[in-house]
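Some notes on the structure that comes next.
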Amino acid sequence: MEILKTEIAKNKVPNHIAIIMDGNGRWAQSKGQPRIFGHKNGVNSVREVIEGCGEIGINYLTLYAFSTENWKRPKIEVKTLMSLLVSSLKKELKSLQKNNIKLNTIGNLNDLPEKAQKELSEVIKKTENNTALTLTLALSYGSRDEIVNVIKNLSKKVVNNELGVEEINENVINNHLYTFSLPDVDFLIRTSGEKRISNFLLWQIAYAELYFTDTFWPDFRKEHLFNAILEYQNRERRFGKTSEQIEKINE
Ligand code: IPE
Ligand code: IPE
Ligand code: MG
């Protein structure tokens, strides 16, 4: 694994990695266990990936933890996921501090149980001056919901004469998204074999490299992350230009 790590070109790592952590339920069921067993074990993978990102100097990591659609799951699963969030935050605060990690959230936080809201705002406050890695948890997050919110807020500004219609551009929209403080996503990983986006960061992944792996989230370890990053480093990001133009820039 150390060998794998040294193969990563430190000056070419993605600035912002986003992960759709999927497959907890199937992982548990394949072991004859209830779905929630998978969620509990998924927490270990979160810890591993945060650690791995720290080791190779990733600046931004965004994790899809709970979608706006996930509220439709059985009540007992939702409830257990929420208490798992609270207990994990309590448990991990120390190591976030030790590793200089700043916690951030995106999504409809008001929908979360009060206990979770309180715990989140405490950890956010306590880690706000940390500078190594910005860890963003997407909670009750839906990209369409986020875009609807942007449109509402911009419309209000236009109606109140605070903003002209012609002033609306990509930058203005960026600044009104939940992710206003984050750079564009460079690399999006989804585990568990599903090849879809499931309403995650639709605007922000416009030019992200996409990576799908069959590994279920609770099995995802640092070596999986490093392998994914090695593949990322072999891709050519062209942003609409030609390969020849890109090669010239890199010369
Ligand atoms: C991802 O695993 C965790 C959440 C969506 C909260 P799933 O719970 O979706 O697991 P599968 O996809 O059913 O296996
Ligand atoms: C996406 O996974 C949401 C999270 C990982 C939090 P889902 O398991 O909810 O996605 P679908 O329903 O299979 O598309
Ligand atoms: Mg799933």
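The values are calculated or read from the model by the stated rules, or taken from the named source; none is laboratory data. Every value quoted in this text rests on a predicted model; they were computed, and no experiment measured them. Neighbour counts are summed over all protein chains in view; Cβ atoms, including those assigned to glycine, are modelled from backbone coordinates with ideal geometry. Note: areas computed on protein heavy atoms with side chains; ligands, DNA, RNA excluded. Shrake-Rupley method; radii C 1.70, N 1.55, O 1.52, S 1.80 Å.
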**Prompt:** In whole Å, what is the distance between the alpha-carbon centres of region 216-251 and region 12-31?
**Reply:** 18
**Fill in**
Taking the chain and counting helices only, DSSP H stretches of n ≥ 4 at -39,500 (n - 2.57) each over all residues, the nearest-500 ellipticity at 222 nm comes to -14500 deg cm²/dmol
**Complete:** Gyration tensor on Cα atoms of region 113-182, a ≥ b ≥ c root eigenvalues, a/c under 1.5 rounded, else prolate if a/b beats b/c, else oblate, says prolate
**Asked** Over region 11-119, what is the relative contact order in whole percent, taking alpha-carbon pairs under 8 Å and six or more residues apart?
**Response** 26
**Asked** How big is the Rg/Rh ratio for region 1-108, C-alpha atoms only, Rh by Kirkwood, two decimals?
**Response** 1.00
**Message:** Please give the charge dipole size of region 87-240, origin at the Cα centre, charges +1 on K and R Cβ atoms and -1 on D and E Cβ atoms. Round to the nearest 20 debye.
**Reply:** 520
**Request:** Tally up the carbon and sulfur contribution to the accessible surface of region 189-251 as a whole percent, 1.4 Å probe, everything protein left in place.
**Result:** 46
**Prompt:** Tell me, what is the percent relative contact order of the chain, built from C-alpha pairs under 8 Å that lie six or more residues apart?
**Reply:** 28
**Item:** Where the chain is the region considered: accessible area per residue in Å², 1.4 Å probe
**Value:** 55
**Message:** I need the phi-derived Karplus couplings for region 118-124: 6.51 cos²θ - 1.76 cosθ + 1.60, θ = phi - 60°, integer Hz, Gly and Pro marked x.
**Reply:** 5, 4, 4, 5, 5, 5, 4
**Request:** Set Lys and Arg Cβ to +1 and Asp and Glu Cβ to -1, take the dipole of region 113-251 about its Cα centre, and tell me which of ALA228, THR179, LEU139 lies farthest positive.
**Result:** LEU139
**Request:** Can you tell me which of 159-169, 9-19 comes out highest on packing, and rank the rest after it, using the mean Cβ neighbours within 10 Å?
**Result:** 9-19, 159-169
**Request:** For THR62, enumerate residues with amide H under 5 Å from its amide H, sequence gap 5+ or separate chain, H modeled in the peptide plane.
**Result:** ILE17, ALA18, ILE19, THR136
**Prompt:** With no solvent and one point per C-alpha, what does the Debye sum give as log10 I(q)/I(0) for the chain at q = 0.11, 0.14 Å⁻¹?
**Reply:** -0.64, -1.02
